[in-house]
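Below: the structure, in structure tokens.
The values are calculated or read from the model by the stated rules, or taken from the named source; none is laboratory data. Predicted, not measured: the structure shown is a model, and the values here were computed from it. Cβ sites come from the backbone with ideal geometry, for glycine too, and all protein chains shown count toward neighbours. Each accessible area value is taken on the protein alone, full model and side chains, heavy atoms only, with ligands, DNA and RNA left out. Shrake-Rupley method; radii C 1.70, N 1.55, O 1.52, S 1.80 Å.
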Amino acid sequence: TDAEGRNGEVTTEQLKNWIKAQDPDYAGRIQLGGVDGNAERFLGVYPSPDQGPAHIAIGGPACTSYGTLSARLLLRWGNSQPQAEAKANALWSLFYGLTSADMDGAAVAYTDPGSAPVPLGRGPDGVFEYVVNLRITYKKE
């Protein structure tokens, strides 16, 4: 399938590809809609259940030049809390203050990764987990 969204929308596939291009640690350790529960270091990229209200300009969809994507990034990163926290902060930092970016072919106006990564503690296998709740505002074509 084509990774580009309809009408210039940003997709979770584009987000995943962009993250992978920013940090070689994620090569072979990132996927959409899930995490490898057997992997000690992995990143899952999910659409957020909290997408918020539709953004439609006065004049209707044809006049709407921006859209949003809400995503959840679930990071599982080893048995060392300081290392996991550092990796979660590095992931969060990719998006903090990001403006006017090309995200795998999509024109991103700005991103909001929230105030900090959210620690989830250890998973059942003892691996530390964090979530970054991300909102992307992009320019429509």
*asked:* Cβ-Cβ distance below 8 Å, separation of 6 or more or different chains: which pairs start in the range 113-125 with a residue that is without any contact (Cβ under 8 Å) to a residue 60 or more places away in the chain and end on one that is open to solvent by less than 90 Å² (accessible area, probe 1.4 Å) and β-branched (V, I, T)?
replied: P113/V132; G114/V132; P117/V131; P117/V132; V118/V131; V118/V132; L120/V131
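Can you pull out every residue in the range 18-67 that is in contact with an Asp or Glu (Cβ under 6 Å, 6 or more places away or on another chain), assigned to a strand (DSSP E or B) and within 16 Å of I136 (Cβ to Cβ)? I'd like the intermediate steps shown before the answer.
Here is the first cut: in the range 18-67, the residues in contact with an Asp or Glu (Cβ under 6 Å, 6 or more places away or on another chain) are 18, 42, 67.
Restricting the remaining residues to those that are assigned to a strand (DSSP E or B) gives 42, 67.
Within the range 18-67, G67 is the sole residue that qualifies.
Of the residues S70, S100, which is closer than 16 Å to T137 by Cβ, without any contact (Cβ under 8 Å) to a residue 12 or more places away in the chain and not in a helix (DSSP H, G or I)?
Working: S70 fails: without any contact (Cβ under 8 Å) to a residue 12 or more places away in the chain.
The unique qualifying residue is S100.
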*Would you say N133 is closer than 22 Å to K20 by Cβ and part of a helix (DSSP H, G or I)?*
no
*Scan the range 32-43 and give yes if some residue there is in contact with a helix residue (DSSP H, G or I) (Cβ under 9 Å, 6 or more places away or on another chain) and of a type in the set (V, I, T), otherwise no.*
no
*Residues located in the range 80-97, provided they are of a type in the set (S, T, Y) and outside any loop (DSSP other than H, G, I, E, B)*: S93
